[in-house]
Amino acid sequence: MEIILKQDIPSLGYKNDIVTVRDGYGRNFLIPQGLAILATDSAKKVMAENMKQAAHKQEKIKNEALELKAKLADVKITIGAKTSSTGKIFGSVNNIQLSEALNKQGYSVDRKNILLKGEAIKEVGEFVAKIKLHKEVEFEIPFEVVSE
């Protein structure tokens, strides 16, 4: 019996794979559990069309991420923070402040996509953050923390 997997199943296959299993396993377990559907001709055509559309959407998202990466290559980010006389910051600078600084400059980057190396920043200076715009598009952006 040929089936199309609806999700990843260890030792059997990945989502949207067409696999051959024994009739009992397919009819009594995989299909009733919602893990697979029968691989009829119409189901194969629908799956092929869905994969084609998903690939097109992913390509469009990746191209948008590459465009944003090109725009962010020349951006200079400066974050002001209240500091003591020794240069230590009251509190810390984290990905939220970086996201807000980018949004003020007109670039929409979600804070969840910004990764700081190590812990939050607790002193003034120049640092580098990693921004992941897409699973295939990531880059590092320098920023500076100054005393207000």
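The values are calculated or read from the model by the stated rules, or taken from the named source; none is laboratory data. Everything quoted here is computed from the prediction, not taken from an experiment. All Cβ positions, even for glycine, are placed from backbone atoms using ideal geometry, and neighbour counts span all protein chains on display.
Please go through the range 78-106 and pick out each residue that is free of Cβ contacts under 8 Å to residues at least 40 places away in the same chain and among the aliphatic types (A, V, I, L, M).
Answer for the range 78-106, where residues must be free of Cβ contacts under 8 Å to residues at least 40 places away in the same chain and among the aliphatic types (A, V, I, L, M): I96, L102.
Filter the range 88-103 down to residues that are among the small types (G, A, S) and surrounded by 18 or more Cβ atoms within 10 Å (Cβ to Cβ), then give me how many there are.
2
Can you tell which of A81, A65 is surrounded by 12 or more Cβ atoms within 10 Å (Cβ to Cβ) and touching an Asp or Glu at 6+ places or on another chain (Cβ under 7 Å)?
That would be A81, the only listed residue that is surrounded by 12 or more Cβ atoms within 10 Å (Cβ to Cβ) and touching an Asp or Glu at 6+ places or on another chain (Cβ under 7 Å).
Please specify each residue of the range 65-77 satisfying the condition of being in a helix (DSSP H, G or I) and either in contact (Cβ under 8 Å) with a residue 40 or more places away in the chain or farther than 29 Å from F143 by Cα (or both).
A65, L66, L68, K69, L72
Please work out which residue is surrounded by the fewest Cβ atoms within 10 Å (Cβ to Cβ), limiting yourself to the range 20-50 and to residues that are among the hydrophobic types (A, V, I, L, M, F, W, C) and more than 13 Å from L5 (Cβ to Cβ).
The selected residue is A48.
Inspect all residues belonging to the range 73-87 and state whether any of them is at pLDDT below 85, within 21 Å of the chain's Cα centre (by Cα) and on the phi < 0 side of the Ramachandran plot.
yes
Quick one: which strands (runs of 3 or more DSSP E) lie wholly within the range 81-148 and hold at least 2 residues that are in contact with a Ser or Thr (Cβ under 9 Å, 6 or more places away or on another chain)?
Those strands (runs of 3 or more DSSP E) span 88-93, 121-123, 137-147.
Condition check ((1) acidic (D, E); (2) closer than 30 Å to S108 by Cβ) across all residues:
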| site | (1), (2) |
| --- | --- |
| V19 | no, no |
| K52 | no, yes |
| E67 | yes, yes |
| D74 | yes, yes |
| I79 | no, yes |
| K82 | no, yes |
| S85 | no, no |
| G91 | no, yes |
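Going residue by residue through the range 107-117, is there one that turns out to be in contact (Cβ under 8 Å) with a residue 40 or more places away in the chain, under 30 Å from V145 (Cα atoms) and surrounded by 10 or more Cβ atoms within 10 Å (Cβ to Cβ)?
yes
Examine the range 132-140 for a residue that is touching a residue at least 12 places away in the same chain (Cβ under 8 Å) and within 12 Å of I79 (Cβ to Cβ), and state whether such a residue exists.
No, the conditions are met nowhere in the range 132-140.
I4 is checked against (1) surrounded by 15 or more Cβ atoms within 10 Å (Cβ to Cβ); (2) under 30 Å from I121 (Cβ atoms); (3) over 24 Å from the mean Cα position of the chain (by Cα) and fails just one. What number does that condition carry?
Of the numbered conditions (1) surrounded by 15 or more Cβ atoms within 10 Å (Cβ to Cβ); (2) under 30 Å from I121 (Cβ atoms); (3) over 24 Å from the mean Cα position of the chain (by Cα), the odd one out for I4 is (2).
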